[in-house]
Amino acid sequence: MSAGNDQDRVFESAAELFALLATPIRLKIISAVCNGEKNVSELLGEIDTTQPNMSQHLSTLYRTGVLSKRREGTQIYYRLQSERVATLCRAVCTQVAIELDRDADTPVAERLVPAPAR
């Protein structure tokens with residue numbers, strides 16, 4: 001395979017990922033589960049949307065491998081499956097927040113996609 005074809009595959013894959021992340025609610029979901037799994041009720045408590053809309057976005061993120069899930073009784077818990085997605089979201093959202101909120105006492109960037117817990 002030529003270098004051009006390899007580059008095309010990289011750019012196509014990146015474009016698919018950006019398209020997946022082009023919905024603000026999906027970015028909020030990723031941010032919410034960055035440091036641990038959460039069930040749908042917990043996510044709905046943090047993100048202002050309807051349950052059907054939340055379920056649709058969770059399903060998309062699960063099908064594409066961004067999230068994984070487990071069932072405990074009647075609850076389904078979602079967690080981050082792809083650290084590269086969190087890293088990308090953190091970088092982009094932090095940069096945007098810095099540019100939008102340079103004069104804030106507490107930068108918005110610190111409250112967005114949190115760094116992984118250590």
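Projecting each Cα onto the charge dipole of the range 1-88 (Lys/Arg +1, Asp/Glu -1 at the beta carbon, about the Cα centre), which of ASN39, GLN7, ILE25 comes out farthest on the positive side?
ASN39
With the Cα gyration tensor of the range 24-86 in hand, give its eigenvalues times 5 under a square root as the equivalent ellipsoid semi-axes, listed largest first in whole angstrom.
Here the semi-axes work out to 15, 14, 11 Å.
I need the calculated FRET efficiency for the pair ILE76 and THR23, taking r as the beta carbon distance and R₀ as 25 Å, to the nearest 0.05.
0.80
Kindly sort ASP8, ASP101 by accessible area of their heavy atoms, largest first, with the probe set to 1.4 Å.
Values: ASP8 80, ASP101 45 Å².
The ranking, largest first, comes out as ASP8, ASP101.
The values are calculated or read from the model by the stated rules, or taken from the named source; none is laboratory data. As the structure is a computational prediction, the values presented were derived from the model and not from experiment. Heads up, the Cβs are rebuilt from the backbone with ideal geometry, glycines too, and the neighbour counts pull from every protein chain shown. Side chains are part of the model used for accessible areas, which takes the heavy atoms of the whole protein and leaves out ligands, DNA and RNA. Shrake-Rupley method; radii C 1.70, N 1.55, O 1.52, S 1.80 Å.
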